[in-house]
Amino acid sequence: MKKTRILAACLFLGPILGVHAGTNGDVKMAIQEAKAAYKKADSIQGAWTNTPKLIKKAEKAATTGDKAKALEFAMKAKKEAELAYKQAIYERENWSPPPYAQ
């Protein structure tokens with residue numbers, strides 16, 4: 001019963017608040033941004049291995065017409081790539097050899 005009320009509220013308030021899956025242009029732009037962020041992280045050898053999988057899932061969802069899933073995967077891939085870049089920069093600036101290796 002509670003789930004039904006939540007669903008009804010989402011269906012009613014979604015269009016009012018402007019919540020939508022996005023256009024094809026939004027999806028393409030999100031995928032391009034994810035690819036660019038991944039390329040940036042990869043350029044300093046900091047990319048994570050899961051990010052290309054998410055980009056492929058986003059592209060697949062876009063080709064099947066599921067814009068919401070495509071945007072979800074693309075945004076997650078972009079976020080992962082940005083975090084990977086930050087991690088690589090942090091490690092590059094703060095890494096030191098362990099005491100046993102000195």
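Do the conditions hold for I55, that is, is it crowded, with 20+ Cβ neighbours inside 10 Å, more than 27 Å from R92 (Cβ to Cβ) and either touching a residue at least 12 places away in the same chain (Cβ under 8 Å) or touching a Gly at 6+ places or on another chain (Cβ under 9 Å) (or both)?
No.
Cβ-Cβ contacts under 8 Å between residues 6 or more apart (or on different chains), taken from a first residue in region 37-50 that is in contact (Cβ under 8 Å) with a residue 12 or more places away in the chain to a second residue that is assigned to a helix (DSSP H, G or I) and among the acidic types (D, E), are listed as A37/E82; A41/E82; G46/E91; W48/E80; N50/E80.
Got a sec? Which of A70, A47, A36 is assigned to a helix (DSSP H, G or I), out of contact with any strand residue (DSSP E or B) (no Cβ under 8 Å at 6 or more places or on another chain), buried (at least 17 other Cβ atoms within 10 Å of the Cβ) and at pLDDT 95 or above?
Values: A47 fails: assigned to a helix (DSSP H, G or I); A36 fails: buried (at least 17 other Cβ atoms within 10 Å of the Cβ).
Just one listed residue meets the conditions, A70.
The values are calculated or read from the model by the stated rules, or taken from the named source; none is laboratory data. None of these values were measured; they are calculated from a predicted model. All Cβ positions, even for glycine, are placed from backbone atoms using ideal geometry, and neighbour counts span all protein chains on display.
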